[in-house]
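Report on one structure; see the data block that follows.
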Amino acid sequence: MAVDATSNVSTTSTSSTTSTAQTKATLNYDNFLQLLIAQMKNQDPTDPMDASEQMSQLASFSQVEQTIQTNTKLDTLLASSSLTQASSYVGKYMESADGKVKGTIESVKIYSDGIIATTTAGGNILVQAGITIADKAPTSDT
């Protein structure tokens, strides 16, 4: 029976890992410790897990946790940078890449996939390569 319990835990762990990868969710340190404890409780008494293997798993998870924290901090930094960049557009003259929408920027909205600038006339400009930004609207020489 102990061997069956171990194989059930392994199967559940594999399914959980696959499901987690698909939903892009991450395990935290407490989840890892719970899995490690379950693995220790359900191990084969005639062939227990090596202590060095346990420490190796713990060290590997620690590295993954640090990488996740670094990525979270980078995401925060990028979001802050986007806010700073977007706020600098307000009051500037902007022309869309295709030249169809232009005007002084009244507000900006930040989305996960880009920045939309709204002109005082109500037009929306996707901030992307090819747009023109100036301090003032160009004067026409007629």
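The values are calculated or read from the model by the stated rules, or taken from the named source; none is laboratory data. Values in this document were obtained by computation on a predicted structure and should not be read as measured data. Note that we place each Cβ from the backbone using ideal geometry, even for glycine, and neighbour counts take in every protein chain shown.
Data overview
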{"item": "Residue within region 37-60 that is in a loop (DSSP other than H, G, I, E, B) and closer than 30 Å to N124 by Cα present", "result": "no"}
{"item": "Single match in I110, I116, I105 (criterion: surrounded by 10 or more Cβ atoms within 10 Å (Cβ to Cβ), touching a strand residue (DSSP E or B) at 6+ places or on another chain (Cβ under 9 Å), of a type in the set (V, I, T) and touching a residue at least 24 places away in the same chain (Cβ under 8 Å))", "result": "I110"}
{"item": "L78, sole failed condition from (1) of a type in the set (A, V, I, L, M, F, W, C); (2) modelled with pLDDT of 85 or more; (3) out of contact with any strand residue (DSSP E or B) (no Cβ under 9 Å at 6 or more places or on another chain); (4) surrounded by 11 or more Cβ atoms within 10 Å (Cβ to Cβ)", "result": "(4)"}
{"item": "Residue match in region 73-96 (condition: touching a residue at least 40 places away in the same chain (Cβ under 8 Å), among the β-branched types (V, I, T) and over 30 Å from T139 (Cα atoms))", "result": "no"}
{"item": "E65 vs. criteria modelled with pLDDT under 85, surrounded by 11 or more Cβ atoms within 10 Å (Cβ to Cβ) and of a type in the set (D, E, K, R)", "result": "yes"}
